[in-house]
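Input: a single structure, listed below in structure tokens.
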Amino acid sequence: MSRRRRRNFLEKLWSPYLWHRYAGLAAALFLIHLAITGIFLNHAHELELDRRFVSSDWLLDLYKIGPPDEIFGYKLADKWVTDGGRYIYLDDRAIAENGSKLVSAFLLADAMVVIVEHEILLFSPAGIQIERIPNPSPQGASIIAAGTSANGELVIAAGTRLLVADADLLNWSDAEETDFLPNKKYRLPEALRTRLAEKFRSTTLTWERVLQDVHSGRVAGNAGRLFFDIVALLLILLSGTGVIVWLQRLAAQRERDC
């Protein structure tokens, strides 16, 4: 390469116009990515992305989401009630969306009583929800345990108080600690545990969470953070070269006007 060509090449290489052009192209691709994912995130609720779950094995593996090692539940005759995180399950069928932690479950009379931290749910033996009973604790303290009395009445521990219910679960009164038999949970049978393990895994990660991570680059871990650092530098370069180009054009305009 001749000296003149080398000089011309170096001049083009360090030209702010050239850097501004290619930085703009690279930044444009990134901004398109942000715009597309941002539109989907902005309408995540309407598209039900917050309620649609990822079932793809490679994505679940990428997030290191695996089935739990042990699953415990409450045995009601020949059925099991289990806390699946997102849902409460009767055997392997989701019967309610779980807004709070499952505390206990019982068979009382002809109904299944499922107790979570902030309310009591009544189900038919077939798993159809009949009623929701608000937290009976006068102070609204979370229900932390449940059991039965010696007479088979439902007893809950809420905060520092023990409350016993009447037969209709409508009226509650203070109970004695000696009259409280806590309900226990047990390890599920292996066949049911295997079926539930996959359900738990596939109802953990929502598409909204994936889009949020794609939008922010977190989905790629350290590589994603490095990519965003590079993009930030490109935007700085784009802004800086844009100012230089503008100043050069302004100076050229002034020279022509003189």
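The values are calculated or read from the model by the stated rules, or taken from the named source; none is laboratory data. All values derive from a computational prediction rather than experimental measurement. Quick reminder, even Gly has a Cβ in these numbers, built from the backbone with ideal geometry, and neighbours come from all protein chains shown. Please note that ligands, DNA and RNA were not included when accessible areas were found on the heavy atoms of the full protein model with its side chains. Shrake-Rupley method; radii C 1.70, N 1.55, O 1.52, S 1.80 Å.
Around R187, under 13 Å between beta carbons, what's the net of Lys plus Arg minus Asp minus Glu among the other residues?
Working: positive: K75, K184, K185, R193; negative: D69, E70, E190.
Every neighbour counted, the sum reads +1.
Using the Cα centre as the reference, give the magnitude of the dipole from point charges on the C-beta atoms of region 32-190 (Lys, Arg: +1; Asp, Glu: -1; all else neutral), rounded to the nearest 20 debye.
Details: 13 positive and 24 negative charges, 71 e Å.
That gives a dipole near 340 debye.
Of the accessible area of region 86-225, with the probe set at 1.4 angstrom, what percent is carbon plus sulfur? Walk me through the numbers before you get to the answer.
Values: 3800 of 7420 Å².
Of the solvent-accessible surface of region 86-225, carbon and sulfur hold 51 percent.
Multiplying the sequence separation of Q129 and D179 by 0.36 nm and subtracting their Cα-Cα distance, what value in nm do you get? Walk me through the intermediate numbers first.
Numbers: separation 50, 0.36 × 50 = 18.00 nm, distance 2.91 nm.
Working it through step by step, the gained length comes to 15.1 nm.
Just reorder T203, T160, T82, T194 by solvent-accessible area, largest first, 1.4 Å probe, all chains present. Walk me through the numbers before you get to the answer.
Working: T203 25, T160 145, T82 0, T194 75 Å².
Putting T203, T160, T82, T194 in descending order of accessible area: T160, T194, T203, T82.
Considering only Cα-Cα distances, which of the following residue pairs are longer than 20 Å: K64/K185; K79/K199; K79/K185? Don't skip to the end; give the middle numbers.
On the way: K64/K185 27 Å; K79/K199 17 Å; K79/K185 13 Å.
Exceeds cut-off: K64/K185.
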